[in-house]
Amino acid sequence: MNQKIAIISDIHGNSLALEAVLSDISNRGIDTIFNLGDSLYGPLDPLGTFKLLMEHEHDITHIIGNCDRIIVDSSDNNPSSTINYVKRSLTPEALEWLQQHPSSLTMNDIFLCHGTPNSDEIYLVEEMTEEGALLKSSRDIIKALEDVEQDVVLCGHSHIPRTLYLPNGKLIINPGSVGLPAYIDDLPVPHKMESGSPHANYTIIEKTSANWVVDQISVPYHWEKAAAMAEINQRPDWADALRMGRF
């Protein structure tokens with residue numbers, strides 16, 4: 001029987017979405033999960049998210065994302081109210097758990113990173129312009145992966161589910177975001193990333209005799225309850241994103 005692997009990313013402290021995704025994964029009989037990072041940052045339920053991940057610690061292989069790295073690196077007097085909320089919510093055990101994860105990882109013929117192999121803050125396949133997110137050229141993506149020998153590259157960070165096949169035979173998969181389907185950012189230029197749906201996203205991959213089958217999954221959950229959490233913690237922008245997957 002071919003092994004199936006579930007890929008999750010960008011949970012962002014949304015324990016409600018994570019619980020729904022893990023339940024869906026379990027119902028499909030999958031017990032190998034790769035998590036591409038940004039697990040606990042967000043104005044929702046970081047500690048509950050950590051506890052849920054610990055319940056499945058033997059099934060999940062983790063790397064760290066840029067937002068979780070910010071939690072680890074930030075001072076206790078950070079001007080960001082959300083970072084302060086997260087750090088107040090998390091236990092020393094949870095903070096230590098975040099620090100132990102690598103920024104990238106190789107699992108047989110699969111390479112895991114959050115953004116690119118060299119940066120957790122750069123999108124691997126999207127280029128940000130004043131008009132919005134555009135797909136980078138195959139040449140630019142291949143250059144970013146020039147030191148990666150594996151044929152399958154898993155990345156997160158953009159929160160947008162994507163499956164790309166490159167001329168050199170590499171397959172790039174972004175599972176989208178479990179817990180935050182849209183967001184606004186200022187760098188490298190002001191831009192919005194919008195999946196267009198409030199569903200929790202993840203991906204299943206399965207190796208057949210010759211190829212990889214990729215299944216992008218959208219899971220319903222109680223997103224109105226998650227949005228209410230964001231509002232309580234003074235993040236109406238997150239509430240809007242959680243309710244609609246767009247702004």
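The values are calculated or read from the model by the stated rules, or taken from the named source; none is laboratory data. Because the structure is a prediction, the values reported are computed rather than measured. A quick note on method: Cβ atoms are made from the backbone with ideal geometry, for glycine too, and the neighbour counts reach across all protein chains shown. Ligands, DNA and RNA are stripped out before the accessible areas are found, and what is left, the full protein with its side chains, is counted by its heavy atoms. Shrake-Rupley method; radii C 1.70, N 1.55, O 1.52, S 1.80 Å.
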Number of positions in the range 112-160 that are of a type outside the set (A, V, I, L, M), outside any strand (DSSP E or B) and crowded, with 21+ Cβ neighbours inside 10 Å: 9
Top-ranked residue of the range 160-194 - restricted to ones that are out of contact with any helix residue (DSSP H, G or I) (no Cβ under 9 Å at 6 or more places or on another chain) and of a type in the set (Ser, Thr, Tyr), ranked as nearest to Glu19 (Cα to Cα): Thr163
Positions within the range 60-94 being over 25 Å from Ser158 (Cβ atoms) and either among the basic types (Lys, Arg) or open to solvent by 40 Å² or more (accessible area, probe 1.4 Å) (or both), in sequence order: Ser75, Asp76, Asn77, Pro79, Lys87, Arg88, Thr91, Pro92, Glu93
Failed criterion for Phe34 (all others in (1) within 16 Å of the chain's Cα centre (by Cα); (2) farther than 18 Å from Ala241 by Cβ; (3) in a loop (DSSP other than H, G, I, E, B) hold): (3)
Subset of the range 218-239 that is of a type in the set (D, E, K, R) and farther than 15 Å from Thr82 by Cβ - its residue that is most open to solvent (accessible area, probe 1.4 Å): Lys225
Members of the range 1-14 that are buried (at least 24 other Cβ atoms within 10 Å of the Cβ) and either in a loop (DSSP other than H, G, I, E, B) or among the polar types (S, T, N, Q) (or both): Ser9, Asp10, Ile11, His12, Gly13, Asn14
Cβ pairs under 7 Å, 6+ apart, first in the range 184-212 and under 16 Å from Glu126 (Cβ atoms) and open to solvent by 40 Å² or more (accessible area, probe 1.4 Å), second assigned to a strand (DSSP E or B) and among the basic types (Lys, Arg): Ile184/Lys192
Residue check for His101: touching a helix residue (DSSP H, G or I) at 6+ places or on another chain (Cβ under 9 Å), on the phi > 0 side of the Ramachandran plot and open to solvent by less than 80 Å² (accessible area, probe 1.4 Å): no
Failed condition for Gly42, given (1) small (Gly, Ala, Ser); (2) under 21 Å from Ala228 (Cβ atoms); (3) free of Cβ contacts under 8 Å to residues at least 60 places away in the same chain; (4) part of a loop (DSSP other than H, G, I, E, B): (3)
Per-region count, the range 23-43, residues out of contact with any strand residue (DSSP E or B) (no Cβ under 6 Å at 6 or more places or on another chain) and more than 26 Å from Ser119 (Cβ to Cβ): 6
